[in-house]
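Visitor: Before we start, here is the structure in question, set down as structure tokens.
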Amino acid sequence: MKSKFFLFGICLLIIFSSVFCDFNKEQKSANLENIRVNKKDKEKDSETISQDKQKELKFKVVNLYFYSPYYNSLKSETRKVFDLGENSAMIKQVLRSLKLGPVSKLKPTVPENIEFKDVFIYKGIVYIDLHKNKSHSSIGGVRGERIFIKSVVKTVLSLSSNYKKVKFLIDGEETPSVMGHIDCSKFFAFRSL
């Protein structure tokens with residue numbers, strides 16, 4: 001009789017364990033399905049967010065002025081940049097593009113020894129703080145300095161009608177000249193070029 005109870009107990013144990021295992025398998029598959037659905041939802045959310053961010057990112061076409069030896073003057077080249085509004089970040093971005101140089105047959109206007117450190121705007125005047133690395137040679141003497149100044153001023157003032165003048169600084173200080181030839185103690189405007 002004890003052996004019958006023992007066999008009956010083992011049978012019950014086997015039945016319960018198989019039912020419990022099936023329940024566990026169903027539970028695990030349900031959990032996996034929930035994870036897959038949640039992952040897909042998150043991917044859709046991130047796709048939606050990135051699409052929304054792309055819609056928020058606006059671009060602006062700007063004119064960068066480079067030297068044309070053929071015309072012996074500055075000619076514009078258009079570039080597409082992020083529209084950061086009328087602020088110093090936008091001007092810095094455009095000046096970096098100007099420093100990279102033209103993509104056409106025009107000639108670069110920013111010497112290798114000049115770095116744009118900072119930009120700030122006050123009452124319609126754009127202050128451009130430069131860093132002049134003395135280890136590099138300058139380009140073109142008076143002519144090269146004039147082309148550089150005209151290129152930067154025309155490029156910056158063409159960004160917004162709110163920008164009236166440009167003032168150059170070197171390492172945060174007023175400077176008599178950027179490269180030693182042209183008087184930079186004054187403000188530059190379109191009409192002064």
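The values are calculated or read from the model by the stated rules, or taken from the named source; none is laboratory data. Here the structure is a predicted model, which means the values were calculated and not measured. Cβ placement follows ideal geometry from the backbone for every residue including glycine, while neighbour counts extend to all protein chains displayed.
Visitor: Taking region 83-112 as the region of interest, how many residues are touching a strand residue (DSSP E or B) at 6+ places or on another chain (Cβ under 6 Å) and not in a helix (DSSP H, G or I)?
Guide: 6
Visitor: Do you know which residues across region 161-181 are out of contact with any Ser or Thr (no Cβ under 7 Å at 6 or more places or on another chain), surrounded by 16 or more Cβ atoms within 10 Å (Cβ to Cβ), closer than 26 Å to residue 72 by Cα and modelled with pLDDT of 85 or more?
Guide: 165, 166, 167 - these are the residues of region 161-181 that are out of contact with any Ser or Thr (no Cβ under 7 Å at 6 or more places or on another chain), surrounded by 16 or more Cβ atoms within 10 Å (Cβ to Cβ), closer than 26 Å to residue 72 by Cα and modelled with pLDDT of 85 or more.
Visitor: Now, a different point. With the condition kept exactly as written, say whether any residue in region 174-189 is of a type in the set (Phe, Trp, Tyr), outside any helix (DSSP H, G or I) and under 30 Å from residue 57 (Cβ atoms).
Guide: no
Visitor: Which pairs turn up if I take residues in region 74-89 that are over 18 Å from residue 100 (Cα atoms) and look for partners that are buried (at least 16 other Cβ atoms within 10 Å of the Cβ) and of a type in the set (Ser, Thr, Tyr) with beta carbon separation below 7 Å, at least 6 apart in sequence or on another chain?
Guide: Correct list of pairs: 86/160.
Visitor: Residue 147: modelled with pLDDT of 90 or more, surrounded by 15 or more Cβ atoms within 10 Å (Cβ to Cβ) and not in a helix (DSSP H, G or I), yes or no?
Guide: Criteria not met by residue 147.
Visitor: Report whether or not residue 117 is modelled with pLDDT of 90 or more, in a strand (DSSP E or B) and more than 24 Å from residue 184 (Cβ to Cβ). Give the derivation first.
Guide: On the way: modelled with pLDDT of 90 or more: yes; in a strand (DSSP E or B): yes; more than 24 Å from residue 184 (Cβ to Cβ): no.
Considered against the rule, which asks whether it is modelled with pLDDT of 90 or more, in a strand (DSSP E or B) and more than 24 Å from residue 184 (Cβ to Cβ), residue 117 comes out as no.
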